[in-house]
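Q: Pasting a structure here, questions to come.
No lab work stands behind these numbers, since they all come straight from the coordinates. Quick caveat, the model's predicted, so the values are computed rather than measured. Positions of Cβ are generated from backbone atoms using ideal geometry, with glycine treated the same way; all protein chains shown enter the neighbour counts.
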Amino acid sequence: MESSPPSNEPFELPIEDVFDLHSIAPRDVKEAVEAYLEAAHAAGLTALRIIHGRGIGVQRETVRSVLARTPFVSAFSDAPAEAGGWGATIVTLQPFSGPTLP
């Protein structure tokens with residue numbers, strides 16, 4: 001049985017209130033978090049948890065730099081210990097009010 005070569009086509013992931021970055025290549029984290037935030041906001045989610053892992057803090061800093069410059073992010077902080085502690089970030093988004101016109 002032959003296997004198909006991997007596709008470079010994008011695929012859709014369900015947008016939920018938890019986004020685990022462990023399956024995302026480090027070089028793609030910034031773009032993945034930006035896309036996730038946009039989709040979660042458009043879906044009406046306001047409370048999120050982004051799991052970046054503990055490690056040495058590189059993913060955490062990448063995530064937080066994206067959050068800090070995203071206008072519809074109201075707040076973010078370390079998750080409580082039972083939800084990942086400093087290996088995850090809790091995010092509060094402003095409610096979605098529809099697309100903005102230029």
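Q: Provide the per-residue ³J(HN,Hα) series for the stretch 43-48, in order, calculated from phi with Karplus coefficients 6.51, -1.76, 1.60 and θ = phi - 60°, each as a whole number of Hz, with x at glycine and proline positions.
A: Once θ is set to phi - 60°, the couplings for the stretch 43-48 become 7, x, 6, 10, 10, 10 Hz.
Q: Now a separate question. Please rank I50, I90, fewest neighbouring Cβ atoms within 10 Å first, as an exposure proxy.
A: Ascending number of Cβ neighbours within 10 Å: I90, I50.
Q: Oh, and also: Hey, what do the phi angles of the stretch 49-64 turn into as Karplus ³J(HN,Hα) couplings, whole Hz, using 6.51/-1.76/1.60 and θ = phi - 60°, x for Gly and Pro?
A: 10, 10, 8, 10, x, 8, x, 9, x, 5, 4, 4, 5, 4, 4, 5
Q: How high is the relative contact order of the stretch 10-102, given as a whole-number percent (alpha carbon pairs under 8 Å, six or more residues apart)?
A: Dividing the mean separation by the residue count of the stretch 10-102 yields 31 percent.
Q: Residue separation times 0.36 nm, minus the C-alpha to C-alpha distance between A47 and A83: what's the value?
A: 11.6 nm
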